[in-house]
């Protein structure tokens, strides 16, 4: 037991020594999302807001302990590559129709060589309409038992460092963020065993999906109305 504790403490010390590397990459990713001219164009920016954090050392210690108990060895040599959410971002937008533009700009940044994907993007959704959209965009998707919904990107700097820092980017609507915040407060770092609570979260996820669809409908109506006005104005 003492040997495991020493190993974990050694990894945590190494993590703290390298926090400046995480802060540098975190700042560059944040700049991309909050300064990108297409994603932040007025009057209605595509990105509503961005949240970011660097994993707390105590939370990291708990995660390493769980992985060791599962038989997964975590050391200074593989810490940055095997735990990919040491830097975390949540990119929030108002409605689902905005997502393809965000996805397109992330892919463009990858193609231009600024970032590299650590793994292919993945969408978590139970909603058939969302699944169809992700399939069209070529994004792998799966259903989680909890009905968790979000799109995950794991990126790192485009360099030759074999132990490069990674960043997990989660893109979701504000409705999905409400569900995520409630679920996180109940199920992190250890999931609840309360069956009723699990069922209530599943019901909430369906209400969230309904809200997201309604938001899409509202903005499609507004856009159609504006198109008609512009057409009439041009005709006159």
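What follows is calculated from the coordinates using simple rules that are stated; it is not laboratory data. What you see is a predicted model; the values in this text were computed from it and never measured. In this analysis, Cβ positions are derived from the backbone assuming ideal geometry, glycine residues included, and neighbour counts consider all displayed protein chains.
Legend: ranking of residues 50, 29 from fewest to most surrounding C-beta atoms inside 10 Å; resulting order 50, 29. Take 60-71, 208-219 and order them by the average number of nearby Cβ atoms within 10 Å per residue, most first; the result is 208-219, 60-71.
Express the relative contact order of the chain as a whole percentage, based on alpha carbon pairs under 8 Å and six or more residues apart in sequence. Kindly include the intermediate steps, with their values, before the conclusion.
Details: 290 pairs, mean separation 44.7, N = 236.
Computed over the chain, the figure is 19 percent.
Placing a label point 7 Å from the Cα of residue 233 along the Cα-to-Cβ direction, the residues of the range 32-64 whose backbone N falls under 20 Å of that point are 41-45. Comparing mean-square fluctuations of 170, 200, 98 from a GNM of the chain with C-alpha springs under 10 Å, the top value falls on 200. Take the Cα of residue 182, step 7 Å toward its Cβ, do the same at residue 16, and the gap between the two points is 3.8 nm. For helix 128-137, report the angle its Cα long axis makes with the longest principal axis of the Cα atoms of the chain; keep it between 0 and 90° and round to the nearest 10°. So the helix axis and the longest Cα principal axis differ by about 80 degrees. For the pair residue 117 and residue 204, the difference between a 0.36 nm per residue extended length and the Cα-Cα distance amounts to 28.1 nm.
In this rough spin-label picture, where each label sits 7 Å from Cα along the Cβ direction, the residue 31-residue 226 distance is 3.0 nm. DSSP bridge analysis restricted to the range 2-235 gives an antiparallel fraction near 65%, rounded to the nearest 5.
Computed over the chain, the per-residue total of -39500 (n - 2.57) for DSSP H runs of n ≥ 4 gives a 222 nm mean residue ellipticity of -18000 deg cm²/dmol, rounded to 500. Given their separation in residues at 0.36 nm each and the Cα-Cα distance between them, residue 163 and residue 70 gain 31.2 nm when the chain is fully extended.
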